[in-house]
1. Using label points projected 7 Å from each Cα along Cα→Cβ, tell me how many nm separate Arg51 and Asn34, to one decimal.
2. Kindly rank 52-62, 24-34 from highest to lowest mean number of other beta carbons found within 10 Å of each residue.
3. For Lys44 and Thr78, what is the calculated FRET efficiency with R₀ set at 25 Å and r taken between the beta-carbons, to the nearest 0.05?
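Please treat every number below as a calculation from the coordinates, not as lab data. Keep in mind the model is a prediction, meaning the values are calculated, not measured. Every residue, glycine among them, receives a Cβ derived from its backbone with ideal geometry; neighbour counts consider all protein chains shown.
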Amino acid sequence: MFTDNKLSGSGEPQDLLEHLVTGFETSGQKVTDNNLQSFLAFSKQYLTDNRPSEVFSVDNNYGVLLTNGQRIKLCPDTGVQADLKPGDMANPDNSISLTRPR
């Protein structure tokens, strides 16, 4: 539908609403009070077409890999994220596949 591998200000994947607004605006429209119903219809259709295929952890949050390859966070950032210093441990990959192996 659209390619959006943008990262949020913290360098992590966008949250779900940022991702949907970007997709809506890529289609040539802006989100305003007058077209909120159009945005909601776009969002519902986008999530119908692009289902979650994997879940991963992101700094006290969850991320989702959609079937179109987009990685997004479910919730917006809660504030400034802690910077990792040399020697600090990053979050391990806790991804959970939502599809059954063949």
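1. Here the answer is 3.8 nm between the modelled labels.
2. My ranking of the peptides, most packed first, is 52-62, 24-34.
3. 0.40
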